[in-house]
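Laboratory data are not the source of any read-out in this text; all were calculated from the coordinates shown. Only a predicted model underlies this, so the values are computations on that prediction, with no experimental measurement involved. Using ideal geometry, Cβ is built from the backbone for each residue, glycine included, and neighbour counts are taken over all protein chains shown.
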Amino acid sequence: MIYRRRASPLHAAAAAAASGWCAALAAATLIVSNPLVLGAALLAVLLGGGLAGVRHELMRALRWALPVALAIALINALVTRDGLTVIWRFGNLPIVGYSYITAEATAYGGVLGLRAVILILCGVLYTTCVDPDELLALFRRISYRSALSATLATRLVPLLGRDARRLADAQRCRPGPPPSRTALLRVATSNLLDRALDVAAALEVRGYATARQPPTRGAWGVRGWSRHDLAFAASAVAILGLSIGGRAAGLVGFSAYPSLSIATGIPAVALSAAILICAVAPFADRRGIVR
């Protein structure tokens, strides 16, 4: 999954605002454990991905995120012995001894799995909707060479992965056993130095060897902030404020041990709806979006 510019407000926003919005959804997922808020965050990520035009990428990531979530929930239910409500008894087992599953451990495992799904989808949304070059440009005022090195690293790592896949496909067409991963890694990285020298020569020809700083027009990057930038920045602040405030006020309480307790009243529902609305609201303004 790579970044491609699409006609959406999230792609039109500055890298700082777009990445802050993705980080705010991920932070809200870690701050609050209430399933209502987590469900609102998951719905916000899915709706945001659909409105940003990366629905297929999110669905593809969701197909392998769900088994990860199921594994987390299952492991927590099998390993954790806390909780008062026993729903399954295994009896005495070798090595582990007396084993059982509680409803509280199962519920908390489900919350952990849901968190993992949301965090994975937030990462996919960040990867597909935030311009990596523009994000790295934010650090040019700190260290221009470090930003250039990070850019080259992020470009060369996927390239080496594609080389390894092509080599593996070519080896499968030959008779005999398939090559090991060590052999593929050795072949794929054998010409790494030559490729780095070619890239360095190309950069030198284009003037990257000079120490001049690129001109900037805004305080946070190569351009000033637009209404899309301000909308996503305000949305990120609102999501963080609602999450922290709701947890501090006890409106979205969740406790799994020793007995299950979930806040499902009107305040919890209202807070979840507010987080969802704040997350999706910046997508309503599509003025200035290049189609």
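Answer yes if at least one residue in the range 89-103 is assigned to a helix (DSSP H, G or I) and buried (at least 16 other Cβ atoms within 10 Å of the Cβ), and no otherwise.
Yes: one or more hits.
What pairs come up if the first residue lies in the range 13-26 and is more than 14 Å from residue 124 (Cα to Cα), the second is of a type in the set (Asp, Glu), and their beta carbons are under 8 Å apart, counting only those six or more places apart or on different chains?
13/229; 14/134; 14/229; 15/131; 15/134; 16/229; 17/229
Anything in the range 5-35 that is in a helix (DSSP H, G or I) and in contact with a strand residue (DSSP E or B) (Cβ under 9 Å, 6 or more places away or on another chain)? List them, or say none.
15, 16, 35
Anything in the range 60-80 that is surrounded by 14 or more Cβ atoms within 10 Å (Cβ to Cβ) and either within 17 Å of residue 11 (Cβ to Cβ) or under 14 Å from the mean Cα position of the chain (by Cα) (or both)? List them, or say none.
Across the range 60-80, the qualifying residues are 61, 62, 65.
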